[in-house]
Amino acid sequence: MPERSPGLIERYRPYLPVTPSTPVVTLAEGWTPLLPAPRLARALELPVELYLKVEGANPTGSFKDRGMTVAVSLALEAGARAVVCASTGNTSASAAAYAARAGLQAVVLIPRGAVARGKLAQAVHLGARVLEVEGNFDAALRLVRALAESERLPIRLVNSVNPHRLQGQKTAAFEVCDQLGGPPDMLALPVGNAGNITAYWMGFQEYASHGLIERLPKLLGFQAEGAAPLVRGVPVAAPETVATAIRIGHPASWEGAIKARDQSGGVIEAVSDGEILQAYRAIAAQEGVFCEPASAISVAGVAKLARQGYFRGGETVVCVLTGHGLKDPDQAVAGVPEPQVVPDELSAVMEALEGMLA
Ligand code: F0G
């Protein structure tokens, strides 16, 4: 019997703000792999039971699809003709895909020259109209919020300030519990605009209130050192980091992130670009999972906490890998040696292999 992948609205319908008459716009997102990562834990000397939640396995290669299936379904139901967002790249790719599937126009505002090329290419191919703003993400978000508030155009804002986005994204917390057979002790994730950490906390609390889990995990949020407003306690005017997805100086869900940290008894810490890139390479080399730099910060952050003696030992820790490594091809090839060239001869290939396997 062939099994159709239902997408997360069907899987978690009772928990979502949809009705039987809502048109479901889905690309069969969600139910992404939760992989044990013992080799990575050993290599980085993490004294924990480590898992990777591979959100790059979503249809457009990032966790944004969770929020977008809900937000675009409800935008369609409400009669919007277009969806609009500001984005460091992944939200725009996801909005473009779900808009295409719904027959809506997507319009995306991106910070000039600061979006990874895979994400921009996706948005364009998926039919989005792209505007490059001469400013950073925070400026682009201010503009789309003002656009949506003016109510002059039949558009729906699909940034995470749209509560439907967080409703969809909270399903990731449900999945982690369902896949693990209970909540982890801790869940680590990158924090940019801070919608995702807010959504995870909402999801865990909701599962607890339904009696589906008996305790709540600590949330461990990480920001890049050059873009760490939540760690510093003040907005950052000119955020800078190799992890372009989280190059954000004034997160929209600031209070949600602080609440998630404090109510869960977790932390929000800063990690250097060097540590991010080290984790980025280690995750791929040790576990075969290629994620984008912003995603690797979850592992880099856990490694930093481990060095500080944060863990007692044996805790279950889930690191959320939010986006796929191919999203950022420039970063992927930077500093990578050219492949060895061999003649079209078996003996030469044999010799090269002997060298590689030595
Ligand atoms: N990881 C990736 C790969 C992201 O693209 C983002 C955010 C985050 C983490 C942080 O999530 O904003 O909810 O705290 N990307 C947004 C975008 C800003 O426009 O694609 P957050």
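The values are calculated or read from the model by the stated rules, or taken from the named source; none is laboratory data. It should be emphasised that the depicted structure is a prediction, and the values quoted were computed from it without experimental measurement. Here Cβ is always computed from backbone atoms with ideal geometry, including for glycine, and neighbour counts include all displayed protein chains. The protein model used for the area step is the full one, side chains on, heavy atoms only, and it has no ligands, DNA or RNA in it. Shrake-Rupley method; radii C 1.70, N 1.55, O 1.52, S 1.80 Å.
Identify all residues within region 292-332 that are within 10 Å of the ligand (Cβ to nearest atom) and assigned to a loop (DSSP other than H, G, I, E, B); write none if there are none.
Correct list: Glu292, Thr322, Asp328.
How many residues does region 254-291 hold that are assigned to a strand (DSSP E or B) and either within 14 Å of the ligand (Cβ to nearest atom) or closer than 20 Å to Thr88 by Cβ (or both)?
Within region 254-291, residues that are assigned to a strand (DSSP E or B) and either within 14 Å of the ligand (Cβ to nearest atom) or closer than 20 Å to Thr88 by Cβ (or both) number 4.
In region 19-47, what residues are over 22 Å from the mean Cα position of the chain (by Cα) and open to solvent by less than 20 Å² (accessible area, probe 1.4 Å)?
The answer is Thr22, Leu46.
State yes or no: is Val133 under 17 Å from Leu153 (Cβ atoms) and of a type in the set (Val, Ile, Thr)?
no
Being away from the ligand (no atom under 12 Å from the Cβ), in contact with a His (Cβ under 8 Å, 6 or more places away or on another chain) and not hydrophobic (A, V, I, L, M, F, W, C) narrows it down to one residue among Pro217, Pro229, Pro184, Pro235; which is it?
Pro235
For Arg156, which of the numbered conditions (1) at pLDDT 95 or above; (2) touching a Leu at 6+ places or on another chain (Cβ under 9 Å); (3) among the basic types (Lys, Arg) fails to hold?
(1) is the only condition that Arg156 fails.
Find all pairs meeting these conditions: Cβ atoms under 8 angstrom apart; at least six residues apart or on different chains; first residue within region 144-160 and free of Cβ contacts under 8 Å to residues at least 40 places away in the same chain; second residue basic (Lys, Arg) and in a helix (DSSP H, G or I).
Listed pairs, sorted by first residue: none to list.
If a residue must be more than 13 Å from the ligand (Cβ to nearest atom) and either part of a strand (DSSP E or B) or open to solvent by less than 10 Å² (accessible area, probe 1.4 Å) (or both), how many such residues does region 48-70 contain?
Adding up the residues that qualify gives 6.
Any chance you could count how many residues in region 74-109 are part of a helix (DSSP H, G or I) and surrounded by fewer than 24 Cβ atoms within 10 Å (Cβ to Cβ)?
So the count comes out to 5.
Within 9 Å of the ligand (Cβ to nearest atom), crowded, with 22+ Cβ neighbours inside 10 Å and either farther than 19 Å from Ser298 by Cα or in contact (Cβ under 8 Å) with a residue 12 or more places away in the chain (or both), is that true of Ala199?
When the stated conditions are applied, Ala199 passes them.
Look through Ala284, Ala245, Ala296, Ala300 and report the one residue that is closer than 19 Å to Leu46 by Cβ, touching a residue at least 12 places away in the same chain (Cβ under 8 Å), among the small types (Gly, Ala, Ser) and open to solvent by 10 Å² or more (accessible area, probe 1.4 Å).
After applying the criteria, what remains is Ala284.
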